[in-house]
Amino acid sequence: MKLWHCTGARSLRAVWALEELGLDYELVMLPFPPRVFQRDYLEVNALGTIPYFVDGDVEMTESCAIPHYLATRPGNEHLAVPPEHPAYGDMLNWTYHADATLTFPQTIVLRYTVLEPTPEKKPVADDYAKWFIARLRRLDAHLENNDYLVDGRFTIADICVGYALYFGQTLKLDERYKPQTLAYLERLMSRDAFVRANAAGQDSSE
């Protein structure tokens, strides 16, 4: 298996899943955003987006789908619940809620506060930051009485949602997190696999 990754980017979800599962993989580190700073990457992934994942003939580009794929391969099922499990729908919903609902507004904040910071765009960034915090309401409510998202244990849903919260921390939005949500993020970031994933490739010259 081979994964193209940028430090701190959404591809961290895939690295984290690989580390949780103890799988062997090759990591290719890229500057962010690679479509700007490493143009030849477009020959690998025409979209120029991160992550890009290859497993034999399988090619994937979606940061939440890759953990889902990995956790439903034979021998890896402990990181997910099976389709016949009562919480299967919840797992899928949280897994894809992570990117479609939570990460999307964060990307606008990143664009107008880090990549293209201009005074006229600051109100847009502020508006999307408020939108992201508002979109945490369902998660905040769930975490009032639960340590994890599905089946009372750690699953791919926690990887995908956890990354969104971590990304929010890098954007300095964590000051607005509810106490239970901040505690959840700290619990996830203390996992050995997250620590390894977050450090992966940072000393690489690729």
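The values are calculated or read from the model by the stated rules, or taken from the named source; none is laboratory data. Keep in mind that what you see is a predicted model, and the values were worked out from it rather than measured. FYI the Cβ positions are ideal-geometry reconstructions off the backbone, even for glycines, and counts take in every protein chain you see. These accessible areas exclude ligands, DNA and RNA; they are computed on the full protein's heavy atoms, side chains included. Shrake-Rupley method; radii C 1.70, N 1.55, O 1.52, S 1.80 Å.
The table for this structure:
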item	result
Extreme residue, most open to solvent (accessible area, probe 1.4 Å), among residues of segment 59-101 that are among the polar types (S, T, N, Q) and more than 23 Å from Gly22 (Cβ to Cβ)	Asn93
Selection within segment 8-17 - buried (at least 24 other Cβ atoms within 10 Å of the Cβ) and aliphatic (A, V, I, L, M)	Leu12, Ala14, Val15, Ala17
Pair list, Cβ under 6 Å, 6 or more apart: segment 109-132 residue farther than 17 Å from Glu175 by Cβ, other residue of a type in the set (Gly, Ala, Ser)	Tyr112/Ala125
Pick from segment 20-77, criterion without any contact (Cβ under 8 Å) to a residue 40 or more places away in the chain and part of a strand (DSSP E or B), ranking: nearest to Arg111 (Cα to Cα)	Met60
Residues located in segment 18-46, provided they are touching a helix residue (DSSP H, G or I) at 6+ places or on another chain (Cβ under 8 Å) and closer than 27 Å to Val114 by Cα	Leu27, Leu30, Pro31, Pro33, Pro34, Arg35, Tyr41, Leu42
Residues being among the hydroxyl-bearing types (Ser, Thr, Tyr) and outside any loop (DSSP other than H, G, I, E, B) - total across segment 9-19	0
Selection status of Pro33, open to solvent by less than 20 Å² (accessible area, probe 1.4 Å), out of contact with any strand residue (DSSP E or B) (no Cβ under 9 Å at 6 or more places or on another chain) and closer than 19 Å to Thr170 by Cβ	yes
Any chance Asp99 is at pLDDT below 95 and part of a helix (DSSP H, G or I)	no
Test: residue in segment 111-128 that is under 24 Å from Trp16 (Cα atoms) and not basic (Lys, Arg)	no
